[in-house]
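*Asks:* Below are the structure tokens for one structure; questions will follow.
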Amino acid sequence: MLRDINDEQKKKILMAFQQLNKQQAKENINRFDDTLDRVVDKLANDGWTLPSELGIYEVNVIGQTEKIEDINEFLFTYFTRNDYEVFNKMLDGILASKIREPLKKMIYECRQAYTNKLYIVCAVALIPVIEGILSEFCDNKNNIRMMRICKNQVDALSCDGSVIEKHIWKSYNTFIQNLYEKSDFSGEEPVKINRHWILHGRSNYEQEEADCIRLFNAVQSLCMIVNKMES
């Protein structure tokens, strides 16, 4: 019986349990890390960044099953269900974040445009908001190379930083590469949102509600990291 063992034996048993718990925790983190890798890849294929508020259930649904035939529909439903509960929470979080006040004013006006179904106006205005927040991650304020800023953050977090933060930056890096993809205006317009085609007035696509949610979500992911930096 347990009460018959001596203190030294109790100590060894306790140490064995602690080691087992550490090993199990490490294995759980590694499994979650692998799942997030798959989630980021799936989202990137449809031009989404990893939502910072995405719950563990949703992460596992996306990452561990092949039952979701349409990522766009899944995430659109996620943000707009229950009378836009998650979407409004996301926007409130952005406006309460530690980004600069002029950017918050732009977000507020983008929200008004979105509410009034002015999706093209909203999408066009959200792109410079993203650039403004990204610039906070670079000491050189003259640096306008957003792709390089993202890549530097991914490299810095490759062996350090939280699991979620690392994958948000990895997801963001892919998003920014697509957003800033060099384009030949005489060729075919990229399928994913492209800064150059939109801001230079060359796009033939009409930005829709889902495109605005993608961009708002990209802003929210950055705001979460800014809040952590400023805390």
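*Asks:* Would you please report the Å³ per residue occupied by the convex hull of the alpha carbon atoms in segment 50-144? Walk me through the numbers on the way to the answer.
*Replies:* Working: hull volume 13.6 nm³, N = 95.
Looking at segment 50-144, the number lands at 143 Å³ per residue.
*Asks:* What is the local net charge at A96, summed over the other residues whose Cβ is closer than 11 Å to its Cβ (Lys, Arg +1; Asp, Glu -1)? Before the final figure, lay out the partial values.
*Replies:* Numbers: positive: K89, K98, K104; negative: D92.
Net charge in that neighbourhood comes out at +2.
*Asks:* May I pose another question? Of K117/K166; K42/K166; K98/K182, which pairs sit farther than 28 Å apart, going by alpha carbon to alpha carbon? Write out the running numbers ahead of the final one.
*Replies:* Values: K117/K166 34 Å; K42/K166 16 Å; K98/K182 31 Å.
Where the Cα-Cα span goes over 28 Å, the pairs concerned are K117/K166; K98/K182.
*Asks:* Between S186 and E206, what is the FRET efficiency for a Förster distance of 30 Å, r being their Cβ-Cβ separation, to the nearest 0.05? Before the final figure, lay out each step's value.
*Replies:* On the way: r = 21 Å, r/R0 = 0.71.
E(calc), rounded to 0.05, equals 0.90.
*Asks:* Measuring from the lowest to the highest alpha carbon on each principal axis, how far does segment 186-231 reach, largest first, in angstroms?
*Replies:* 46, 20, 15
*Asks:* Next up: Please arrange T65, T77, T35 by counting, for each residue, the other beta carbons lying within 10 Å of its beta carbon, fewest first.
*Replies:* On the way: T65 8, T77 11, T35 17.
Ranking T65, T77, T35 by Cβ neighbours within 10 Å, fewest first, gives T65, T77, T35.
Values in this text are rule-based calculations from the coordinates and carry no lab data. Because the structure is a prediction, the values reported are computed rather than measured. Note that each Cβ is placed from the backbone with ideal geometry, even for glycine, and that neighbours are counted across all protein chains shown.
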